[in-house]
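Structure first, then comments.
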Amino acid sequence: MTAPAPAFRRDDLGDGGWHRPIAATPLLRGGLALVAIAGILIANFRERLIAVVIGQGGYEGDPVDLLIDNGLLPAGLGVSILVIAIVVVLFYVSWRMYTFRVTDELVEVRSGVLFRSNRRARLDRIQGVGIERTLFARIFGAARLELQVAGDDANVRIEYLRGRDADALRGEILRRASGVRAAERAAAEGPADGAPAAGAAEGPNFGGTLPGLVQTRMGEFLAPERDPALAPPESVVEMHPGRLIGSAILSGRTFWFLVIIALIISGAIGADNPLLIVTVVPILLALGSVTIRHIAKFLRYSVAATPDGVRIGFGLLSMSSETVPPGRIHSISVSQPLIWRPVDWWTIRINRASRSRSNSQQQQNSTVLPVGSRADALKVLRVLLPELADDDLQPLLESGFSRDRGTGRYSTSPPRARVIRWFSWRRNGFALVNPVALLRRGAIWRELVIVPFARIQSVSIHQGWLGRRMRLAGVHLHTVQGPISAQLGALDEADAGRFFRDLESDAVRAAAADHSAHWGRPVAGSTA
């Protein structure tokens, strides 16, 4: 006897049963582009298509008149209806075959018609949960939920849900990943991460009328990306629009564009050929286009501390937000390009276990603060690692930003290292203060790398032939692969040895005491 098909419900997407996305998903996943392309082709080649079908290539009139004159109008309408019906059926089958479920252990998505795909994300391997609302999806009140999973291109997407359902499901997934049980969730007080603001994202209910639908969509467009009650105002860091525009102009990309333009103009003058200057126009257009896209993408950028992790949101027309749970940040880099030195701007990146083969996507996933003042950077660091608010760490963080020349807070390179660290030997150094290791390097391009003890996978010390002769050594903290490299060279070999021995024991103790994989579950033996 065949088991009955599972019932699909929309009231509780986290009940462990199989569910389907909204019916508009095929259009939002690319079907609309297919329909638009087909319409353009038909509009431009309809005469030739009809001529091929009825064999009258020399007809120059309107194709509809041609069908009427030959008595083929019913057949033409029938073919059009058949094509539309086939497209609708394909979209419907695609939607029927796309299902997902959320259990206490994993999130699973099944899709595909001819080629089936089954992707699973274990809750204990989730590195972040993001929601993307493209401009077109927001018209339908829809959003895409993406789970960042440890591994190469292991992310799992649920496309598409109603906006409020995506918010609620993100909160539910994060709570389950935190180890909080259902009974504890029901008794918990306060808004959950991802829960929509009361009446903000929903908009008023007008009984489904067209004016009511328009007002509801307008309410969703104007609603804030993050519920104001979700994070305390003192934990929210917002990026100043003027600083964002200035960083887009004062960037390495702009510098190289200007170098190319200068070379072209110099070549045109040297060759006495003013026409070569015309080639500068497309370069300027490309530079302007890239700059505008960058600014539009990161407008309304904010970083906030929520009960379920760090919330990062950005976007103007198309909005994206991601929540990074506690314990998923393996290392942090605070860096300052040379061109930002006069205005004292900084950028912050992180290493996570999830990786993407796309360089642009990897850069977006690793960037937490595209540009900010020193005060903004310090505030974001405290959001990423709340333990950095400790009074003992504040002087070390301040020294990591400045040109501290040996106040004793960092173990720096000895004077004999100036042969291989001409400018940075006085700044190049480390500090170990529970629960983090701080590596400071670079005098021209400054960088401060912060690695939590609990995230260190191994520690190595290396010494080449030149280092042996100069009694210098280098150290390397191994974490997950990413854009940040936690290594330091040109240290006194005695300091490097002490660095190795101290971290050897500190990292083991921190890993044994770490419970951030299930951050919502009480620690054994605690009375809280």
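Read-outs throughout are calculated quantities, based only on the coordinates presented, and are distinct from any laboratory measurement. Nothing here was measured: the structure is a model prediction, and the numbers come from that model. Virtual Cβ from ideal backbone geometry, glycine too; neighbours counted across all protein chains shown.
Residue exposure proxy: L316, L439, ordered by other Cβ atoms within 10 angstrom of their Cβ from fewest to most, comes out as L316, L439.
Full extension of the segment from V281 to V83, taken as 0.36 nm per residue of separation minus the current Cα-Cα distance, would add 66.8 nm. A cut-off under 14 angstrom between Cβ atoms defines the neighbours of M470, and their net charge, with Lys, Arg +1 and Asp, Glu -1, is +3.
Could you sort 155-164, 457-466, 414-423 so that the peptide with the highest average Cβ count within 10 Å comes first and the rest follow in order?
Values: 155-164: 21.4, 457-466: 12.5, 414-423: 14.3.
Highest to lowest by the protection proxy: 155-164, 414-423, 457-466.
Note on I444 and Q481: the model spin-label points, each 7 Å out from Cα along the C-beta direction, lie 3.0 nm apart.
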